[in-house]
Amino acid sequence: MVFKNSQHNSVSENANTDIVVWDDKYKCGIALVDTQHRELIKLTNQLYRACFGGNEAANNAFSEAMSRMVEYVRFHFSTEQEMLKRINYPDYQDHKAKHDVLIKDILHAAEEYKMGKKFVPNQFVRTLKDWIFSHIAITDKLYAYYIAEQKKKGLLSDQQINGLTSIKSVK
């Protein structure tokens, strides 16, 4: 994942670019989770591109992209939380709390957008970009490390992990 314009902590005004680019070094090593993370990045980039222009078509594109993002974030968090419960991840409650904060932020941004607040789309995309950096690249790596350690100790196998993550398919 590479964050565009991260040196300046701003979103450039280029509608033909992505704000986040997937990099394999951010893989968790769990195929379904990595696939879902790529989808979240794709949706974040769609939102970013939809921020440009002030016409009704751009507003509709952003509104549709935001709706897809809200739905997909809930889907992904549900998948991830179910997996973490099944493997008895010791930091499950903290991980879930971080998910809950992002959902609140997304719902708050969606409400502000519906109310016509100015610049909310860019703020919303920045929130997602920051979350992708901190949550996927750092927090999710913690449970990936936990799973790897459990596998080393013989307490979890690839078959068990693959079975756990095949519970839900990517939408």
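The values are calculated or read from the model by the stated rules, or taken from the named source; none is laboratory data. Quantities reported herein were computed from a predicted structural model and do not represent experimental measurements. Neighbour counts run over all protein chains shown; Cβ positions are idealised from the backbone, glycine included.
Odds and ends about this structure:
- Residues that are among the small types (Gly, Ala, Ser), at pLDDT below 80 and loosely packed, with under 14 Cβ neighbours inside 10 Å within segment 110-156 comprise just one, GLY116.
- Evaluating ILE103 against the criteria (1) surrounded by fewer than 17 Cβ atoms within 10 Å (Cβ to Cβ); (2) in contact with a helix residue (DSSP H, G or I) (Cβ under 7 Å, 6 or more places away or on another chain); (3) modelled with pLDDT under 85 leaves one unmet condition, (3).
- Within segment 110-136, residues that are within 15 Å of VAL70 (Cβ to Cβ) and part of a helix (DSSP H, G or I) have Cβ atoms under 6 Å from residues that are of a type in the set (A, V, I, L, M) and modelled with pLDDT under 75 in these pairs: GLU112/VAL120; TYR113/VAL120, counting only partners at least 6 apart in sequence or on another chain.
- Among residues of segment 44-79, those that are touching a residue at least 60 places away in the same chain (Cβ under 8 Å) and under 11 Å from the mean Cα position of the chain (by Cα), counted: 3
- In the set (1) within 22 Å of TYR113 (Cα to Cα); (2) touching a helix residue (DSSP H, G or I) at 6+ places or on another chain (Cβ under 7 Å), the condition left unmet by GLU56 is number (2).
- Candidate set: segment 83-97, residues that are in a helix (DSSP H, G or I) and surrounded by fewer than 18 Cβ atoms within 10 Å (Cβ to Cβ); chosen: the one farthest from the chain's Cα centre (by Cα): ARG86
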